[in-house]
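One structure below.
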Amino acid sequence: MKRAFKAIFIEDNGVKHTIEVPEGWSLMEGAVKHLVPGIDADCGGACACATCQVYVDPEWSAKLPKKNDMEETMLDFAPLVQPNSRLSCQLRMSAALDGIVLRIPKNQH
Amino acid sequence: MSEKIVIIGAGQAGAQAVQSLRAEGFTGAITMVGDEAYPPYQRPPLSKAYLLGQLERPRLFLKSDAFYAEAGCELLLNTSAKAIDRAAKAVELTDGRKLPYDKLLLTTGGRVRKLRCPGAELPGIFYLKTIADVDALQAAFLPGKRIAIVGAGYIGLEVAAVGAKRGLQVTVFEATDRVMSRAVSPAMSEFFGAEHAKAGVTLKLNTGVEGFEGNGKVERILAGGQAYDCDLVLVGIGVLGNDNLASEAGLACSDGIVVDRNAMTSDPAIFAAGDCTRHYGREGIELRLECVQNAIDQAKHAALAMTGKPKDYSEVPWFWSDQYDLKLQIAGLARPTDSLALRGDPGQRKFSVFHLRDGKVAAVEAVNAGQDYMIGKKLIAEGKPVEAARIADLSVPVKNLLT
């Protein structure tokens, strides 16, 4: 069995979703499988739509891999972008991210 | 009585429609019928990460089972529709059941085009469209085996790349004079052809397939007047729109179910979305697209129209392909008469080809250049004039092309 770790998604209205994401899966995949509202993920994880944006709490930002070109560009065109915005399809779950807190923007389109 | 919507076809467009119908406030009953054993799943990874064994099956599914339960969508899998009774507004299933509908959505997708030549039915000849297809191929897709791939389109080349990575001996047979000739510019074809050759793939261009031979299973492929030994064959020669159900019901069809800009068929109670439709593109040209973008966007437009909020469909189409460590991203539809502007150096394996028409960007093909792709897509949507010389000038940051 694959190990799974916790991720906490918080909706714009404050509703909190604590879910288990298998190691190696993207945080987007975890959110979609657990029906976390507000993670639309139109393209299914191909980094082609920027509809899985999350805001990463500062204490976790440093533990994430840097944005690549593609993610950076997609975010340039996403709505409601903040300095701590990331695309959750590009973030892979690992032991280091156990308990990560992600806030969901008001909308993705 | 609450309204009933029936969706035939459990693929990307069907799943999107369920989500969008609920998002648009539809509160009636939804039933989705699919002839495969699985709920809607992503097809693009089938010829890439899934074939390579880097993506487990559960990760292919677009939604969780809980999604359908929560959306109040009844999923009838392993179930085929036999006929549409438009007068009675009911779908007849092959198991005899009848599903009444107020509105019907057809997301029936496509089916692979099959080779018709001597020996085409021999065991060991595979096609790739479904999870079941890949699972069948996997058993024969082993290091050291000689695989003959018919067709150098997306599917053929993606399987060639995975095959080369897995240690198979790969030969690709292509009837035209370049790879991906339907999808990309000659410069891009040349680049990808060279990349495959570097990876050890043998490319046979201008080589049509005449048949197959073998004793109980495929052992030789006959192409271009010669015979080549092989252990297995993968055929990727295109997809046909699944419009039989619609055409038998008397709906207008022409290699695809004909729909208007609101995804409506020639029957106002019946809509269609995705690979199965022949629709008007943003340039006013009738076309049938096989891609995730069209499945998603057209399904959204169908949901809007079905909930009484029609909005004309004119999205920019986009496509992608992964081969080796190359990510090819395309937006827009190119024409052979477009003039081309190259940005970057193919030798660096990061570059793009912009297609210009009437001084505006009509399409962009980008290799490992996501930014060029995104900016290109935006330029296509905005229809702003851009000079070819500025596109080609790397001292102009690509973002500046927007201003």
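Got at least one residue in the stretch A:25-33 being part of a loop (DSSP other than H, G, I, E, B), modelled with pLDDT of 85 or more and facing chain B (nearest Cβ under 8 Å)? Yes: the stretch A:25-33 contains one or more residues that are part of a loop (DSSP other than H, G, I, E, B), modelled with pLDDT of 85 or more and facing chain B (nearest Cβ under 8 Å). Among helices (runs of 4 or more DSSP H) lying entirely in the stretch B:1-103, which contain 1 or more residues that are in contact with a strand residue (DSSP E or B) (Cβ under 6 Å, 6 or more places away or on another chain) and within 14 Å of chain A (Cβ to nearest Cβ)? In the stretch B:1-103, the matching helices (runs of 4 or more DSSP H) lie at B:12-23, B:65-70. Could you say whether any residue in the stretch A:46-61 is touching a residue at least 40 places away in the same chain (Cβ under 8 Å), out of contact with any strand residue (DSSP E or B) (no Cβ under 9 Å at 6 or more places or on another chain) and surrounded by fewer than 20 Cβ atoms within 10 Å (Cβ to Cβ)? No: the stretch A:46-61 contains no residue that is touching a residue at least 40 places away in the same chain (Cβ under 8 Å), out of contact with any strand residue (DSSP E or B) (no Cβ under 9 Å at 6 or more places or on another chain) and surrounded by fewer than 20 Cβ atoms within 10 Å (Cβ to Cβ). So, of the residues in the stretch A:41-55 that are under 26 Å from B:F61 (Cβ atoms) and either of a type in the set (K, R) or assigned to a strand (DSSP E or B) (or both), which turns out to be farthest from the other protein chains (Cβ to nearest Cβ)? Filtering the stretch A:41-55 for residues that are under 26 Å from B:F61 (Cβ atoms) and either of a type in the set (K, R) or assigned to a strand (DSSP E or B) (or both), the one farthest from the other protein chains (Cβ to nearest Cβ) comes out as A:V54. Scanning the stretch B:350-368 for residues that are buried (at least 22 other Cβ atoms within 10 Å of the Cβ), free of Cβ contacts under 8 Å to residues at least 40 places away in the same chain and within 14 Å of chain A (Cβ to nearest Cβ) yields a total of 3. Being out of contact with any Pro (no Cβ under 6 Å at 6 or more places or on another chain), surrounded by fewer than 24 Cβ atoms within 10 Å (Cβ to Cβ), touching a residue at least 60 places away in the same chain (Cβ under 8 Å) and outside the structural domain of B:G332 (by TED's automatic domain parsing) is a property that holds for B:G250.
It is to be established whether one or more residues within the stretch A:68-78 are more than 14 Å from chain B (Cβ to nearest Cβ), under 27 Å from B:L60 (Cβ atoms) and in contact with a Cys (Cβ under 9 Å, 6 or more places away or on another chain). Break it down into steps so the answer makes sense when it comes.
Step one: list which residues in the stretch A:68-78 are more than 14 Å from chain B (Cβ to nearest Cβ), which gives none.
No, the stretch A:68-78 contains no residue that is more than 14 Å from chain B (Cβ to nearest Cβ), under 27 Å from B:L60 (Cβ atoms) and in contact with a Cys (Cβ under 9 Å, 6 or more places away or on another chain).
Cβ-Cβ distances below 7 Å connect the following pairs, each with a first residue in the stretch A:77-96 that is closer than 20 Å to A:G30 by Cα, a second residue that is acidic (D, E), and a separation of six or more residues or different chains: A:L87/A:E71; A:Q90/A:E71; A:M93/A:E23; A:S94/A:E23.
Over 21 Å from the mean Cα position of the chain (by Cα), surrounded by 15 or more Cβ atoms within 10 Å (Cβ to Cβ) and at negative phi: is that true of B:V292 in this structure?
Against the criterion (over 21 Å from the mean Cα position of the chain (by Cα), surrounded by 15 or more Cβ atoms within 10 Å (Cβ to Cβ) and at negative phi), B:V292 does not qualify.
Could you please find all residues in the stretch B:302-320 being out of contact with any Lys or Arg (no Cβ under 6 Å at 6 or more places or on another chain) and either of a type in the set (K, R) or at pLDDT 95 or above (or both)?
Of the stretch B:302-320, the ones out of contact with any Lys or Arg (no Cβ under 6 Å at 6 or more places or on another chain) are B:302-303, B:305, B:307-311, B:315, B:317-320.
Selection gives B:A302, B:A303, B:A305, B:T307, B:G308, B:K309, B:P310, B:K311.
Only one of (1) in contact with a strand residue (DSSP E or B) (Cβ under 6 Å, 6 or more places away or on another chain); (2) not assigned by TED's automatic domain parsing to the domain that holds B:R166 is not met by B:C230, so which one is it? Among (1) in contact with a strand residue (DSSP E or B) (Cβ under 6 Å, 6 or more places away or on another chain); (2) not assigned by TED's automatic domain parsing to the domain that holds B:R166, the lone unmet condition for B:C230 is (2). Apart from one condition, B:G383 fits all of (1) surrounded by 14 or more Cβ atoms within 10 Å (Cβ to Cβ); (2) closer than 25 Å to A:A50 by Cα; (3) more than 14 Å from every other protein chain (Cβ to nearest Cβ); the exception is (1).
Do you know which residues across the stretch B:109-134 are in contact with a helix residue (DSSP H, G or I) (Cβ under 9 Å, 6 or more places away or on another chain) and not polar (S, T, N, Q)?
Kept after step one, since they are in contact with a helix residue (DSSP H, G or I) (Cβ under 9 Å, 6 or more places away or on another chain), are these residues of the stretch B:109-134: B:109, B:112, B:126-131, B:133-134.
B:G109, B:V112, B:F126, B:Y127, B:L128, B:K129, B:I131, B:D133, B:V134, listed by residue number.
The values are calculated or read from the model by the stated rules, or taken from the named source; none is laboratory data. Not measured: the values here are computed from a predicted model. Using ideal geometry, Cβ is built from the backbone for each residue, glycine included, and neighbour counts are taken over all protein chains shown.
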